[in-house]
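See below for the structure under consideration.
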Amino acid sequence: MLAGVSIDYYTRLEQGRERNPSAQVLDAIGRALKLNADACGYLFRLAGLNPNPTSGSARDLVHPALLQLLDSFPSAAAYVLSPAFDVLATNTIAAALLSPFDGMTNMVRVLFQHPQARAVFVEWPTLVEQTVHALRLNAGYYPDDPEIRALVNEFLRTSPRFRDLWQDQTVTGLTRMFKVFVHPAVGRVELTYQTFDVRDAPGQQLLVGTPEPGSRSADAIAYLGSVHANT
């Protein structure tokens, strides 16, 4: 009854006599059984279907354990992004690196609208491409996400560069990236970023940027971290 299917249909499904349930039926059964994301994905795969991930109502809430993990990277820039690329949480070093953009917390807006973006991000054209293509990937994962939809619609209207990148249909995730910052306090900082999916908050991603050990960049972010921690 909770799933909105008949007793006869559900019985046939349990007994294996119904072999082609729709994604909508599986979604309804998963909700009725209060299955978590892993169990729902397993249910879909048993039926030969690919699950449609949902971002959930708590997608902008960062778990306290993840916040604690951010602070366990003393020599790296670590932050959490939402599916629409809002910066949800940072460690001290990431906050210091992003300090030139105080007041703007969405990375798409930072890249396309902040007057300092091209000066801070040395490889701005490449970073813009990667970000738009990753946003398109997220839009495919979460087609009903209102924040992604609003962001895309706004930039399709206002930014020819965004529109060109969006319409080329390329999708790529934020995996390993090399970023070069020119920070007003310490100059050039080079970091290699690795991206991790947050399993208990579908759509959130943890990005960790590390410098080459012993490099000038390592010294620069150590200085940034110490100064920012005392302000």
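Structure data summary
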{"read-out": "Test: residue in region 207-230 that is assigned by TED's automatic domain parsing to the domain that holds Phe101, buried (at least 16 other Cβ atoms within 10 Å of the Cβ) and under 19 Å from His114 (Cα atoms)", "value": "no"}
{"read-out": "Strands (runs of 3 or more DSSP E) lying entirely in region 146-231 (those with 3 or more residues that are closer than 18 Å to Phe101 by Cβ and under 22 Å from the mean Cα position of the chain (by Cα))", "value": "177-183"}
{"read-out": "Any hit, region 124-131, residues being more than 19 Å from the chain's Cα centre (by Cα), surrounded by fewer than 18 Cβ atoms within 10 Å (Cβ to Cβ) and part of a loop (DSSP other than H, G, I, E, B)", "value": "no"}
{"read-out": "Unmet criterion (only one of (1) in contact with a Leu (Cβ under 7 Å, 6 or more places away or on another chain); (2) modelled with pLDDT of 95 or more; (3) more than 21 Å from Arg118 (Cα to Cα)) for Arg163", "value": "(3)"}
{"read-out": "Checking Gln116 against (1) more than 28 Å from Ala229 (Cα to Cα); (2) surrounded by fewer than 20 Cβ atoms within 10 Å (Cβ to Cβ), the condition it does not meet", "value": "(1)"}
{"read-out": "Criterion (surrounded by 10 or more Cβ atoms within 10 Å (Cβ to Cβ), basic (Lys, Arg) and over 25 Å from the mean Cα position of the chain (by Cα)) met by exactly one of Arg31, Arg12", "value": "Arg12"}
{"read-out": "Sole residue being free of Cβ contacts under 8 Å to residues at least 60 places away in the same chain, assigned by TED's automatic domain parsing to the domain that holds Val189 and small (Gly, Ala, Ser), chosen from Gly30, Gly103, Gly16", "value": "Gly103"}
{"read-out": "Which numbered condition Ala134 misses (of (1) on the phi > 0 side of the Ramachandran plot; (2) at pLDDT 90 or above)", "value": "(1)"}
{"read-out": "Residue ID - nearest to Val198 (Cα to Cα), chosen from residues in region 70-118 that are assigned to a helix (DSSP H, G or I) and in contact with a strand residue (DSSP E or B) (Cβ under 6 Å, 6 or more places away or on another chain)", "value": "Leu70"}
{"read-out": "Condition broken by Tyr10, with the remaining ones in (1) modelled with pLDDT of 85 or more; (2) aromatic (Phe, Trp, Tyr); (3) within 30 Å of Asp197 (Cβ to Cβ) satisfied", "value": "(3)"}
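The values are calculated or read from the model by the stated rules, or taken from the named source; none is laboratory data. What you are looking at is a predicted structure, and each value in this text was computed from that prediction instead of being measured. A quick note on method: Cβ atoms are made from the backbone with ideal geometry, for glycine too, and the neighbour counts reach across all protein chains shown.
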